[in-house]
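Notes to accompany the following structure.
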Amino acid sequence: MYMERPPSNNFFLFPFLVFFLFACSLQHVLVSAQNSTVAVDVGVILNLGTPTGKRGKTSIVLAVEDFYAGHGNYSTRVVLHFRDSQKDAVGAAAAAVDLLKNVTSIMGPLTSDEAAFVIQLGNKTKVPVVSFSASSPSLSPAHTPFFVRATTNDSSQVAALAAFVQHFAWREAVPVYEDSEYGAGIVPFLIDALQAVDARVPYRSVVPSDATDDYLDEELYKLMSMQTRVFIVHMLPALGARLFRRAHELGLMADGYVWIVTDGIANVLDLLDPDIVIEAMQGVIGVRPYVVKSKKNSSFKVRFQQRFRQDYPGDLLTDPTVYQLWAYDAVWAVATAVEQVALTSPVLFQIPTSRNNSFTDLGKLGVNPDGSALLRAILSTRFQGLAGDFQLAGSQLQSPAFEIININGKSGRTVGFWTPVDGIMKKLNTSNDAGLKSIFWPGDGGHVPKGWEIPTNGKKLRIAVPVKQGFDQFVKVETDPATNRTTVTGFCIDVFEAVIHALPYAVNFEYIPFANASQSYDELIEQVYSNQVHPLLLLLILLVMMMVIMSCHVAQVDKFDAVVGDTTILADRSQHVDFTMPYTESGVAMIVPVKEAKSTNMWIFLKPLTMDLWLGSLAFFVFTGFVVWVIEHRQNQEFSSSQPLDQLGTIFYFSFSILVFAHKEKLTSNLSRLAVIIWVFVVLILTSSYTASLTSMLTVQQLQPTVTDVRQLQSKANIGFQDGSFVERMLQNMKFDPSKLKNYSTPDQYADALSKGSANGGVDAILDEIPYLRLFLSEHCADYTIVGPTYKTDGFGFVFPRGSPLVPDISRAILNVTEGEKMTQIEKAWFGGEPTSCPSQGNNFSSSSLAFRSFGGLFLITGVVSTLALLIFLAKFIYQEWVELKAAACEQSSLWKKMVAVLKHYHDVNRPLPSPTFKRDDLAHLDSGEANQNARAGGGGELPYVVGPQSPVSISNHSHFSFASPTAETEPNSPRERQENAAAASVEMTEIREEW
């Protein structure tokens, strides 16, 4: 019997067999791929005994692993060769010489000092040296092209530091830097940036890398003795930590101080001892490149801590700093560039055959044939790294923004950011969020430090006050003989105290009289600028003095911190000291006696009016008369004389008689009356002004200065000046004879010398500053006056040493005081109101002549009115006489003759008319006596007569009466016409009778 076999289980084992075969094949492929990759040797030089070196190594190893985990198909593999520089530049150079025989590139070293020589070796062998921490600007890729700075240049942060100083309006800052390649490289760039924001650098504090605590204390005492309280620290973290510990113990981390650290310390705050160093650095400001937080950074942070704990279990575990991020990104850039160059075999260096270097290791160094290609590949690499966008510009990494941190508590707190475009802001990428968050400052941290202090440890400012005789309204120093107490008062003192009170902070000071001010104010000012001690001299003094004395202000007993008084701002003085803004008016002028002197000028009556006004008035007189004559000539008998000279006389007489309103001619036309009315108004104003000006010249101008220009006195007269004033030097520069210069102290001495004159041992003039002359005139106003030009000066100002931080604040306070009511109150208190008032002088010595422009409006009105009246009359005349004018013009051939004919027609008011014939009926309407007389004269029924001049009525009507001629009789058409003819005839007969 056949039995059926059960199903076999081999079918279920088949998939596992296939998977096993695939795994074996994949392993074979991977092994083959590994055997086909090219190992590229890369050297790494680090200080493996320091925390920074250890963290750098961990970051570099992780970078290589991560890179090839994500790029397993690459044909190259970076093989790292670590060397320890042993914290020494020589050790770094020895490590480089050892590596350069076999590697294609070098990463490191950490410090700029170590990198300086290694860069030169890499440049010689054409091996790129990629450093992620050597940031000194003195290491320039421009001079060593095979140096690649995979970190930011220290000079890139100086603009952010200067912007922070400018934000708080600090006027001075002192850089405190390490005396090394790293520390000194930033200083020139930092000073330039500070000066660009008007911040001075009065001193540079240089600290050796191996400085002892005693040296640090000495340098800190020196900083304590200065006015500046803003310090910018640029040094490696180890030296910086010691510096802040000593500063904290000596009291330099107290209220009023400002400490700013660069990224060399700000980047590694987590590595500093929080209980000692961070505690001593409370209130410190730090500037460092800003790193954007991302998931990639967070993942790297976790893996970094795991690997670091694994490699260095006994070390302090902290988060990776920006240097570890830069190291990570630098490895990726090198690995990417190695793959781009596509090296197919280990690099074979070309060994030079020169005999000169054959006995040294340097002579055995070759030249990397692929170095230039590898360098170009590194510089062109760009990717998004852990620290941000990795892009090299000018062979160095660029940072788009800097973070401003404030140490408060156990770590730093972000208070703002800075970018080259937007400046300081609270948050990035915001246009309306400028400024900074609240900052905790050293000391109590309650208010913003003003950036400077009086370096006297409790002493007051020594204010020099000039002691002199006379003009004590400005400065007066009195000493009570009983108590020996000195009291200082005066206008200048009150202004200074008002200015100090206006400052936003308190300034303690004391007045110290300077008795030699009457000799020369230059000596007083010298006491201020000679008080400035050169830093090297100060260092020498500090070395030989006791520690307690070193903390005090180093100054001689007879030197001063400022000068308050009537001190004039001059250019030569400003070369040595700083002046505040002036608080008085400026200038030097001359005061002379006045004398009564009546004018003997026989032509003074012409002076009230200028030549243009005289000529203009004359022209309008003639024009107005001409207009009136033209209008009145044909209808007014008084303007119609037959003689041309008589008509010209009428024109001028009528026009000029208006001056005294004595014209007798009667006007018949409203047009001429309108023109004359306006002209009378103009003449009235003109004559009134002329009379007033002439009266002023003949009466007020009775006082004349004896001298009008200082140069008139150069050769023959004495001239005075005030004791101790710079005016003496000014007069000597003007070539005055020193023997003729006399000095005086009080206003009474001024008056006495001026009253005597040079002939009697006095002076003819006194040259002094305007404030003194105003004060003198307020007491001697009637007899003296200020004449001549004013020589410009800048007025009175307060004196401070060069670079004093008080000057800008006091200058702003002066503006606030002088622009307010306080200044007016002080002037009234010391000068009794307006010191320049002089009732008896007024506007003394000149009365300016009246110009045509002053009356231009009046002349314009009368000219327009007269012209319009003339044009209206001519238009009316042409309209009424158009037929006659046309007939007269047509009879002539040339244009000139036509014009003459027209003018003749206008002028011909005596044209002969046909002899009229009176009928007895017409004469019946006349007066019986006149009719009988006329009848007897005519001897018949008709009375022939010779027509005389037309009557005014006939002119105004522009018509002639018609009478009966011998050949044709004209009969009236109506009784009214007969009456009008009779009246006209009566008038005509009256005129005939007068002629007979």
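Maximal additional length on extending the GLU821-ASP179 stretch stands at 225.7 nm, based on 0.36 nm per residue less the C-alpha distance. Here r is the Cβ-Cβ distance between ASP192 and LEU606 and R0 is 51 Å; the resulting FRET efficiency, rounded to 0.05, is 0.15.
Of the Cα atoms belonging to the stretch 421-514, the radius of gyration and Dmax stand at 21.9, 71 Å.
Here the label points at TRP896 and ASP315, each 7 Å from Cα along the C-beta direction, are separated by 12.0 nm in the simple model.
With no solvent and one equal point scatterer per Cα, compute the Debye intensity ratio I(q)/I(0) for the stretch 199-336 at 0.11, 0.12, 0.14, 0.21 Å⁻¹ and report its log10, rounded to two decimals. Rounded to two decimals, the profile gives -0.52, -0.61, -0.77, -1.29. Within a straight-line Cα-Cα reach of under 19 Å, LYS126 can be paired with the following lysines, leaving aside sequence neighbours fewer than 8 residues apart in one chain: LYS101, LYS364. The residues packed around SER758, meaning those with a beta-carbon under 11 Å from its beta-carbon, carry a net charge of +3 if Lys and Arg are +1 and Asp and Glu are -1. When ARG242, ARG802 are arranged by Cβ crowding within 10 Å, least crowded first, meaning fewest neighbours, the order is ARG802, ARG242. In this simple spin-label approximation, TYR68 and LYS735 carry label points 7 Å from Cα along the Cα→Cβ vector, and these lie 9.3 nm apart. The gain in end-to-end length when the ASP88 to ILE677 segment is fully stretched comes to 201.1 nm, 0.36 nm per residue minus the alpha carbon separation.
When the C-alpha to C-alpha distance is required to be over 25 Å, the pairs from LYS222/LYS559; LYS57/LYS295; LYS666/LYS898; LYS87/LYS410; LYS595/LYS792; LYS476/LYS822 that qualify are LYS666/LYS898; LYS87/LYS410; LYS595/LYS792.
Going by neighbour counts of Cβ atoms within 10 Å, the residues SER131, SER75, SER136 line up, fewest first, as SER75, SER136, SER131. In this calculation the C-beta distance from VAL448 to ASN743 is compared with R0 = 41 Å, giving a FRET efficiency of 0.25. With a simple spin-label model that places each label point 7 Å from the Cα along the Cα-to-Cβ direction, the separation between VAL864 and GLN714 comes to 5.4 nm. Residues CYS492, CYS781, CYS890, ranked from the fewest to the most other C-beta atoms within 10 Å, line up as CYS890, CYS781, CYS492.
A straight chain from ALA889 to VAL622 at 0.36 nm per residue would run longer than the Cα-Cα distance by 93.2 nm. Between LEU874 and LEU615, the C-beta separation translates, for a Förster distance of 25 Å, into a calculated FRET efficiency of about 0.40.
Every number in this text was worked out from the coordinates using simple rules, so none of it is lab data. Values in this document were obtained by computation on a predicted structure and should not be read as measured data. Cβ coordinates were reconstructed from backbone atoms using ideal geometry, including for glycine residues, and neighbour counts include every protein chain displayed.
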